[in-house]
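The values are calculated or read from the model by the stated rules, or taken from the named source; none is laboratory data. Model, not experiment: these values are computed from the prediction. As a convention, Cβ positions derive from the backbone with ideal geometry for all residues, glycine included, and neighbour counts pool all protein chains shown.
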Amino acid sequence: MPQHIYELPFVERHQKTIPQLRGDNSTAADIQNEACEFALLRTTKRIQYFVRVQEVYATSSEISLTFLPESLEEVDFLNALKEWKGADIALAYRDQAAWVVPLSVAETSSGWKILLAKSTEQGKHHETRFGELTGDQLAELRAKRILLNQKLGVASPWLFEYRVRNGVSQEYKNGLVVHESPIPQLYLAFQETPEQFMKFARLVSVLFLKLTHTVAEILQLKLELQESAEFSGHSNSENHRHPRYQKMQKGPALKVRFKGQRHQYFPIRDATILEFEGICPLIDEHKPENDSEPSGR
């Protein structure tokens, strides 16, 4: 399987249920206030499962999901989770994401219930400066790569590219590396179902933004699909080529407005807020070189 291709088997086939959320505030440390329509499970082999969730219950250490599988393929995946021997699984739901390990998978009268433990190796780290760029500026470059598919100029030092990809997190077994935005590849798989694409694009964005430690909290993530937007004819950042020589193109694109809060590393200083808006082209004339994750962990 080419590294940049995703298998996306868990797709909504029928509108069967209205998701509901339950929880006891007296015992749960962290409960979502709104219903979660889909959750994203991403395995170490970069296979993504978009699961229609009926119920989500989260504490500080565990997450419980309830849903109804709609194919034998989905049931096979659930059965495989019972004997999961791989590394941690990446999970995203609403504006939250975490590395998790399956604790139990059971079929009940109300659906399949999965109990997940949050990994003890979430990989949080303090991002230091590189040259003249602060850790917050490196994080902003990474956020723009995830959401807008912006890349560095070809003359940028390799170590600079390594830091923007989140290479520092590779000291952890469950680190993610962002070679490029995962959104355009997702569009290729779901361009015929734009409503699903928009939901899934948000989930995959949340997963990468939070699990690469780019931001600690997502304050705003507004995505708007534009069937015919105008954008420069390459996905590299503005310092790759002078605007005078950029060729403009028209095509499908995602308009993004983002606001996120970084980790508060120092008690005496408020956490940095990252905020920007831009266009992510969904059809790139250049073939992607790699996936948004290393070939193995």
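Would you point out which residue out of Ser64, Ser60, Ser110, Ser71 is within 21 Å of Glu217 (Cβ to Cβ), surrounded by fewer than 20 Cβ atoms within 10 Å (Cβ to Cβ), of a type in the set (Ser, Thr, Tyr) and in contact (Cβ under 8 Å) with a residue 12 or more places away in the chain?
Details: Ser64 fails: within 21 Å of Glu217 (Cβ to Cβ); Ser110 fails: within 21 Å of Glu217 (Cβ to Cβ); Ser71 fails: within 21 Å of Glu217 (Cβ to Cβ).
Step by step, each of Ser64, Ser60, Ser110, Ser71 is checked, and only Ser60 is within 21 Å of Glu217 (Cβ to Cβ), surrounded by fewer than 20 Cβ atoms within 10 Å (Cβ to Cβ), of a type in the set (Ser, Thr, Tyr) and in contact (Cβ under 8 Å) with a residue 12 or more places away in the chain.
So if I check each of Lys255, Lys199, Lys259, Lys222, which one is within 14 Å of the chain's Cα centre (by Cα), within 21 Å of Glu180 (Cα to Cα) and at pLDDT 85 or above?
Details: Lys255 fails: within 14 Å of the chain's Cα centre (by Cα); Lys259 fails: within 14 Å of the chain's Cα centre (by Cα); Lys222 fails: within 14 Å of the chain's Cα centre (by Cα).
After ruling out the rest, the residue left standing is Lys199.
Could you tell me whether any residue of segment 100-110 is farther than 23 Å from Pro184 by Cβ and touching a helix residue (DSSP H, G or I) at 6+ places or on another chain (Cβ under 7 Å)? Working first, answer last.
First, the residues of segment 100-110 that are farther than 23 Å from Pro184 by Cβ: 100-110.
The next check asks that each one be touching a helix residue (DSSP H, G or I) at 6+ places or on another chain (Cβ under 7 Å); those that pass are 102, 105.
Yes, that holds for at least one residue.
Count, please, the residues in segment 245-279 that happen to be among the aromatic types (Phe, Trp, Tyr) and in contact with a Lys or Arg (Cβ under 9 Å, 6 or more places away or on another chain).
Taking segment 245-279 as the starting set, the residues that turn out to be among the aromatic types (Phe, Trp, Tyr) are 245, 258, 265-266, 276.
Restricting the remaining residues to those that are in contact with a Lys or Arg (Cβ under 9 Å, 6 or more places away or on another chain) gives 258, 276.
Residues meeting the conditions: 2.
Sort out which residues of segment 158-175 are assigned to a loop (DSSP other than H, G, I, E, B) and modelled with pLDDT under 80, and write them in order of number.
Asn166, Tyr172, Lys173, Asn174, Gly175
Filtering segment 200-228 down to residues that are assigned to a strand (DSSP E or B) and of a type in the set (S, T, N, Q), which residue is farthest from Asp136 (Cα to Cα)? Break it down into steps so the answer makes sense when it comes.
Filtering segment 200-228 down to residues assigned to a strand (DSSP E or B) leaves 217-228.
Filter once more, keeping what is of a type in the set (S, T, N, Q): 220, 226, 228.
Details: Gln220: 18, Gln226: 30, Ser228: 33 Å.
Within segment 200-228, the match that is farthest from Asp136 (Cα to Cα) is Ser228.
Within segment 31-42, track down each residue that is surrounded by 14 or more Cβ atoms within 10 Å (Cβ to Cβ) and at pLDDT below 85.
Taking segment 31-42 and keeping what is surrounded by 14 or more Cβ atoms within 10 Å (Cβ to Cβ), we get 31-32, 35-42.
Selection gives Ile31, Gln32, Ala35, Cys36, Glu37.
For the structure I just gave you, tell me whether Ala28 is in a strand (DSSP E or B) and either under 23 Å from the mean Cα position of the chain (by Cα) or modelled with pLDDT under 50 (or both). Talk me through it step by step, then tell me what you get.
Values: in a strand (DSSP E or B): no; either under 23 Å from the mean Cα position of the chain (by Cα) or modelled with pLDDT under 50 (or both): yes.
Answer is no for this residue.
Grab the strands (runs of 3 or more DSSP E) fully contained in segment 60-114, keeping just those with 1 or more residues being among the small types (Gly, Ala, Ser) and within 18 Å of the chain's Cα centre (by Cα). Before you say what the answer is, go through the steps one by one.
On the way: elements: 62-67, 89-93, 96-108.
Result: 89-93, 96-108.
Taking Asp270 as meeting all but one of (1) modelled with pLDDT under 80; (2) over 25 Å from the mean Cα position of the chain (by Cα), write down the number of the exception.
(1)
So which of His240, His234 ends up being in contact with a Gly (Cβ under 9 Å, 6 or more places away or on another chain), assigned to a loop (DSSP other than H, G, I, E, B), modelled with pLDDT under 55 and crowded, with 17+ Cβ neighbours inside 10 Å? Can you show your working first?
Values: His234 fails: in contact with a Gly (Cβ under 9 Å, 6 or more places away or on another chain).
Within the list His240, His234, the selection yields His240.
Condition test on Val206, is it surrounded by 17 or more Cβ atoms within 10 Å (Cβ to Cβ), under 22 Å from Asp88 (Cα atoms), over 19 Å from the mean Cα position of the chain (by Cα) and at pLDDT 90 or above? Reasoning before the result, please.
Numbers: surrounded by 17 or more Cβ atoms within 10 Å (Cβ to Cβ): yes; under 22 Å from Asp88 (Cα atoms): yes; over 19 Å from the mean Cα position of the chain (by Cα): no; at pLDDT 90 or above: yes.
For Val206, the condition - surrounded by 17 or more Cβ atoms within 10 Å (Cβ to Cβ), under 22 Å from Asp88 (Cα atoms), over 19 Å from the mean Cα position of the chain (by Cα) and at pLDDT 90 or above - is not met.
Report the residue count in segment 43-86 for those that are over 20 Å from Lys210 (Cα atoms), modelled with pLDDT under 85 and of a type in the set (Ser, Thr, Tyr).
Number satisfying all stated conditions: 1.
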